[in-house]
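Asks: Below: one structure in structure tokens.
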Amino acid sequence: MEQTFIMIKPDGVQRGLVGEIIGRFEKKGFTLKGLKLLTVDQAFAEKHYADLSAKPFFNGLVEYIISGPVVAMVWEGKNVVTTGRKIIGATNPAESAPGTIRGDFAIDIGRNVIHGSDAVESARKEIGLWFPEGVANWSSSLHPWIYE
Ligand code: IDP
Ligand code: MG
């Protein structure tokens, strides 16, 4: 089953959105396979966002991500990478549809509350980076009520 890496950024934690965000993924029917609250250092944040290192906003992005604890999660389910991105909404909250997490809870692109992997391959890399210890091995007893 497909997995994605979802991270509630420091602003989401500070603003008390952790329960709300987890609830949206849970109620959709996805399965929580990994969860931890942690503060990452600069080198780790730079590794996570390595693909963006040439961008003018890179230093500010790294400062933002290391500014406080984040909630790192692995969610599992059919098409969870693409659907997770839809639940999160467009990168710039000014363009995120109402009903999405960023559309409902954010204003500025540099404080957009949440990260989600953009492809199955980046999800695999990000899960390996954030959860080197591995994730939980369990399956929900609700499975037959969510999948045909
Ligand atoms: P994504 O988070 O929707 O995948 P990316 O393009 O991968 O968007 O950018 C990673 C993060 O970098 C964004 O979520 C946002 O926090 C930040 N970011 C992207 N573009 C800008 C910008 O133009 N100014 C400031 N921050 C930005
Ligand atoms: Mg991205």
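The values are calculated or read from the model by the stated rules, or taken from the named source; none is laboratory data. Every value quoted in this text rests on a predicted model; they were computed, and no experiment measured them. Here the Cβ is made from the backbone with ideal geometry for all residues, glycine too, and neighbour counts use every protein chain on show. The area values use the complete protein model at the heavy-atom level, side chains included, leaving out ligands, DNA and RNA. Shrake-Rupley method; radii C 1.70, N 1.55, O 1.52, S 1.80 Å.
Asks: Any idea of the accessible area per residue across the chain, 1.4 Å probe, to the nearest Å²? Can you show the working numbers first?
Replies: Values: 8170 Å² over 148 residues.
Counting only protein heavy atoms, the per-residue value for the chain is 55 Å².
Asks: Please work out how much accessible surface residue 57 shows to a 1.4 Å probe, ignoring ligands, DNA and RNA, in Å² rounded to 10.
Replies: For residue 57, the solvent-accessible surface is approximately 110 Å².
Asks: Quick check for me: using +1 on Lys/Arg Cβ and -1 on Asp/Glu Cβ, what's the dipole size of the range 1-78 about its Cα centre, in debye to the nearest 20?
Replies: The calculated dipole for the range 1-78 is roughly 280 debye.
Asks: Order 77-83, 46-52 from most to least packed using the mean count of other Cβ atoms within 10 Å. Don't jump to the answer; show the numbers that get you there.
Replies: Values: 77-83: 18.1, 46-52: 14.4.
Listed from highest to lowest mean packing, they are 77-83, 46-52.
Asks: Per residue, how big is the convex hull around the C-alpha atoms of the chain? Give it to me in cubic angstrom, could you? Spell out each step's value before the answer.
Replies: Working: hull volume 16.0 nm³, N = 148.
Measuring per residue, one finds 108 Å³ for the Cα hull of the chain.
Asks: With r as the distance between the Cβ atoms of residue 26 and residue 137 and R0 = 25 Å, compute the FRET efficiency 1/(1 + (r/R0)^6) and round to 0.05.
Replies: Efficiency for this residue pair is about 0.85.
Asks: Something else about it: Tell me, what % of the accessible area of the range 54-120 is carbon and sulfur with a 1.4 angstrom probe? Don't skip to the end; give the middle numbers.
Replies: Working: 1710 of 3170 Å².
Carbon and sulfur: 54 percent of the exposed surface of the range 54-120.
Asks: Excluding ligands and nucleic acids, what accessible area in Å² is computed for residue 37 using a 1.4 Å probe, to the nearest 10?
Replies: Only protein atoms counted, so the area is about 110 Å².
Asks: Going from most exposed to least, what order do 121, 126 have by accessible area with a 1.4 Å probe? Provide the component values of the computation, followed by the final result.
Replies: On the way: 121 100, 126 25 Å².
Largest to smallest exposure gives the sequence 121, 126.
Asks: May I have the convex hull volume per residue, in Å³, for the Cα set of the range 59-106? Don't skip to the end; give the middle numbers.
Replies: Details: hull volume 4.8 nm³, N = 48.
Measuring per residue, one finds 100 Å³ for the Cα hull of the range 59-106.
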